[in-house]
1. For the range 14-26, name all the residues that are crowded, with 18+ Cβ neighbours inside 10 Å and more than 14 Å from Leu75 (Cβ to Cβ).
2. Would you check which residues across the range 137-155 are under 14 Å from Ala118 (Cα atoms) and not basic (Lys, Arg) and list them?
3. Collect the residues in the range 178-228 that are polar (S, T, N, Q), part of a loop (DSSP other than H, G, I, E, B) and under 17 Å from Ser37 (Cβ atoms), keeping them in residue-number order.
4. When you scan the range 143-162, do you find a residue that is assigned to a helix (DSSP H, G or I), open to solvent by 70 Å² or more (accessible area, probe 1.4 Å), in contact with a helix residue (DSSP H, G or I) (Cβ under 8 Å, 6 or more places away or on another chain) and at pLDDT 95 or above, even just one?
5. Would you check which residues across the range 130-142 are open to solvent by 20 Å² or more (accessible area, probe 1.4 Å) and at negative phi and list them?
6. Which condition breaks for Tyr204 when tested against (1) open to solvent by less than 40 Å² (accessible area, probe 1.4 Å); (2) closer than 30 Å to Tyr148 by Cα?
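The values are calculated or read from the model by the stated rules, or taken from the named source; none is laboratory data. A quick note: this is a predicted structure, and the numbers were derived from the prediction, not measured. Every residue, glycine as well, gets a Cβ built from its backbone with ideal geometry; the counts of neighbours run over all protein chains shown. Calculation scope for accessible area: heavy atoms of the full protein, side chains included, ligands and nucleic acids excluded. Shrake-Rupley method; radii C 1.70, N 1.55, O 1.52, S 1.80 Å.
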Amino acid sequence: MIISGLLKTTLLDYPQHVAATIFLGGCNFRCPFCHNSDLLEGTDGLFSKEEVLTFLKKRAGILEGVCITGGEPTLHRDLEPFIREIRSLGLLVKLDTNGYRPDVLKDLCNKNLLDYVAMDIKNSREHYGRTIGIEGYDTGNVEQSVAYLMERHVPYEFRTTVVQEYHQRSDFEAIGRWIRGADRYFLQQFQDSGDLIQPGLHAYNENIMRQALDVVKEYVPAAEIRGL
């Protein structure tokens, strides 16, 4: 378990809950706009599992849940026992994922180990490979994860980080049709962390973001904007 970061308290990462966020290193995607690009290789573990669990035990009366993010958490073969130890403390668990491992997602949900899932929809299927830095990427696994979550086995949200150089109106049309009727979908305004794979990327202004929201709301009435 490569634990590369720990945010001790957040009111943002887990909707409606006071939570801690655990960052697991390593990701199979190379999104040019990733704001956690320092975690992609998964070589630097800054905390041991024991340190994190000790911290969570001390904060059990304050925290309501834990958000496990990355990197891509489902790549870690020790993810399930780690989640079990967190839940044994009486804490809820939210998982952030890119949807690459539908088998892991389904298994964790079937075992009632997840309380909330946030899955990234990187772009329309037509432009997925370019957006994740893997040309020719087969979106089959991602589509399986989307379909599974939309069956409502666990509370979930989809989200797309909107980047001027990678997203156009036609992409939002395509995404809307793809996840038509989803319970929750968020358009997130891109923010430059200063440590991007591809420097020089830009966010859309509020006016364009709201136009994009109008497009997806035709298919996902519950869609909202984050980050403005």
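1. Tyr14, His17, Ala19, Ala20, Thr21, Ile22
2. Val142, Ser145, Val146, Ala147, Tyr148, Leu149, Met150, His153, Val154, Pro155
3. Listed by number, the residues that qualify are Gln191, Ser193, Gln198.
4. So in the range 143-162, the residues assigned to a helix (DSSP H, G or I) come out as 143-149.
Now restrict to residues that are open to solvent by 70 Å² or more (accessible area, probe 1.4 Å): 144.
Then keep just the ones that are in contact with a helix residue (DSSP H, G or I) (Cβ under 8 Å, 6 or more places away or on another chain); that gives 144.
Narrowing the set further to residues that are at pLDDT 95 or above leaves 144.
Yes.
5. Step one: list which residues in the range 130-142 are open to solvent by 20 Å² or more (accessible area, probe 1.4 Å), which gives 130, 133-138, 140-141.
Residues satisfying the conditions are Arg130, Ile134, Glu135, Tyr137, Asp138, Gly140, Asn141.
6. It fails just one condition, (2).
Residues are listed down the side, and each one gets a yes or a no for (1) among the charged types (D, E, K, R); (2) surrounded by 13 or more Cβ atoms within 10 Å (Cβ to Cβ); (3) over 18 Å from Met150 (Cβ atoms); (4) at pLDDT 95 or above:
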{"site": "Asp171", "(1), (2), (3), (4)": "yes, yes, yes, yes"}
{"site": "Arg177", "(1), (2), (3), (4)": "yes, yes, no, yes"}
{"site": "Asp183", "(1), (2), (3), (4)": "yes, yes, no, yes"}
{"site": "Gly194", "(1), (2), (3), (4)": "no, no, yes, no"}
{"site": "Gln198", "(1), (2), (3), (4)": "no, yes, yes, no"}
{"site": "Ile208", "(1), (2), (3), (4)": "no, yes, yes, yes"}
{"site": "Asp214", "(1), (2), (3), (4)": "yes, no, yes, yes"}
{"site": "Pro221", "(1), (2), (3), (4)": "no, no, no, yes"}
{"site": "Gly227", "(1), (2), (3), (4)": "no, yes, yes, no"}
